[in-house]
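The structure appears below as structure tokens.
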């Protein structure tokens, strides 16, 4: 046999994404570092912020759960998210007058500021369980992406999640948006794994789906998609089991608060065929409360224009402003790469269904209504982890996120001017949700002796933080002199009288990118 006829073995190269997969110990170390920086960011943010608009309502309802075993407050949201907050509040020694009578907004104010409690301690006690849960969802993102691609993809997905300003901002609050979205993501991941081991993962997926439904009712929009995924695997009995387990979790969350399910339907609820759903009566009435909210006319603010009602394109536009440019690039590239693969049904389809449902809503109040997008699309971005531009894009996301520290709530990307310019494009929970009242109190110490006027949008009580200020809208404009302090959301929604005061004043300072201080001669 001649040398010419001897063929050399052909080396088949591994796919790039496999070749670059890090060793296990490096994978674990990198994941730990990413989650540690996220934890630091969220804890720092949680400690530095006063109550946002919704938090006192949830905290008040949770304390009533613990002390009175009653479901009467905050019926529009199921109990599970608040029961998670209870794991922290149970150790906070909160005091609440058992004879208190008032609505849920008054309850939150009474608990935090009128009952002798330390509002900062109560807030942190409620926020810490949410921070832990947000970090656990980071592990879901990591493992889901690693299952779909490999370890490199998992780390890219986790990096996008861990540096996401919106996830950090809302994951550090005692609110329900991140828990609901995270449980849905967990259910989709477990269904992905159930393809190979249904006996183990389908029941777990049902538990996760039930947890989402027991946290926020808007998660019902994802149920048809998740059921289809099970039926797609030709498992009719498994789909039935998934539904029954999810329903059982919802019932268990209500029974955990009140085993007797004592409940009185609030008056004035809109009619709707919600009785068709196999859930407890308070859950069904909560759905009707939400439908009532959708019948109201809410004010929106987008790209400098205040409007009544809602725009269908509000959430995509707001996400464009509020997402780091590198993440937008990787989301788009990852979605395109995933679209023809089986994983698309488990990642892209639920996210698309949820986003389309959210876009039909009547409340243009923030990207928190689409907080599932940075979670699911982080997993999709794993598909392009092997591309050379992926590392650069992740680095840009990290730099942008660290740049806004610790002011994650008012974040916007550099194309739109960064966090200091967010209030020019968006309002409410996108920029100014009442979180900087404590910082305002410290800033006003720089202006001793000047008369102070305040228009504050939030749930905090200014007097508790030592702010002594009058409302300029209650007097004639020629009496308003000195410091005029206005929340940026109030500026966006200003009526003619407040607009005149602002236009005849000079801006001299800004607090946390959410409150502007003017001087009026």
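What follows is calculated from the coordinates using simple rules that are stated; it is not laboratory data. Keep in mind that what you see is a predicted model, and the values were worked out from it rather than measured. When we count neighbours, we look across all protein chains shown, and the Cβ atoms used for this are built from the backbone with ideal geometry, even at glycine.
How many nm is it between the label spots at residue 264 and residue 106, if each spot is 7 Å from the Cα in line with the beta carbon?
1.4 nm
Along its three principal axes, how long is the range 299-408 when you only count alpha carbons? Whole Å, largest extent first please.
Computed over the Cα atoms, the extents are 45, 35, 18 Å.
Sorted by average packing, counted as other Cβ atoms within 10 angstrom per residue and highest first, what order do 122-135, 230-243 take?
Result, highest mean first: 122-135, 230-243.
Can you give the angle from 0 to 90° between the axis of helix 55-68 and the longest principal axis of the chain, with both taken from C-alpha atoms, to the nearest 10?
Here the helix axis deviates by roughly 90 degrees.
I need the calculated FRET efficiency for the pair residue 248 and residue 521, taking r as the beta carbon distance and R₀ as 51 Å, to the nearest 0.05.
Computed FRET efficiency for residue 248 and residue 521 comes out at 0.20.
Counting other C-beta atoms within 10 Å, which of 457, 452, 216 has the fewest, and how do the rest follow?
Sorted ascending by nearby Cβ count, the order is 452, 457, 216.
Once label points are set 7 Å from the Cα along Cα→Cβ at both residue 240 and residue 32, what is their separation, rounded to one decimal in nm?
Each label point lies 7 Å from its Cα, and together they span 4.7 nm.
Given the range 164-292, report the % of alpha carbon pairs whose separation exceeds 21 Å.
46 percent
Against the longest principal axis of the chain, how steep is helix 372-381, in degrees 0 to 90 to the nearest 10, with axes from Cα atoms?
30 degrees
For each of 201, 65, count neighbouring Cβ atoms within 10 Å of the residue's Cβ, then give the residues from fewest to most.
201, 65
When a/c reaches 1.5 or more, the comparison of a/b and b/c decides; with that in mind, is the range 444-499 rounded, prolate or oblate per its Cα gyration tensor?
oblate
Compute the length gained on full extension between residue 389 and residue 303: take 0.36 nm times their separation in residues and subtract their Cα-Cα distance, giving the result in nm to one decimal.
Stretched fully, the residue 389-residue 303 segment lengthens by 27.9 nm.
Can you check how the C-alpha radius of gyration of the range 24-290 compares to 2.2 N^0.38 Å, as a plain ratio?
In units of the 2.2 N^0.38 Å rule of thumb, it is 1.06.
Given 20 °C and 1.002 mPa s, how large is the Stokes-Einstein diffusion coefficient of the chain in µm²/s, with Rh as the Kirkwood radius over Cα pairs?
Estimated via Stokes-Einstein, D reaches 88 µm²/s.
Ranked highest first by the average count of other Cβ atoms within 10 Å around their residues, in what order do 411-421, 368-378 fall?
368-378, 411-421
Cα atoms only: what Rg and Dmax, in Å, come out for the range 311-363?
Computed over the Cα atoms of the range 311-363, radius of gyration and Dmax are 12.3, 34 Å.
Angle, helix 223-232 long axis vs. longest principal axis of the chain, Cα atoms, 0 to 90°, nearest 10?
10 degrees
Using the number of other C-beta atoms within 10 angstrom as an exposure proxy, rank 429, 70 with the fewest first. Intermediate values should be presented prior to the final figure.
Numbers: 429 26, 70 13.
The fewest-first ordering by Cβ neighbours comes to 70, 429.
Would you calculate, for the chain, the mean residue ellipticity at 222 nm contributed by helices, counting each DSSP H stretch of 4 or more residues as -39,500 (n - 2.57) and dividing by all residues, to the nearest 500?
Working: 21 runs with 280 residues, N = 521.
Helix-only estimate at 222 nm: -17000 deg cm²/dmol.
Compute the FRET efficiency between residue 256 and residue 470 as 1/(1 + (r/R0)^6), taking r as their Cβ-Cβ distance and R0 = 51 Å, and round to the nearest 0.05.
0.65
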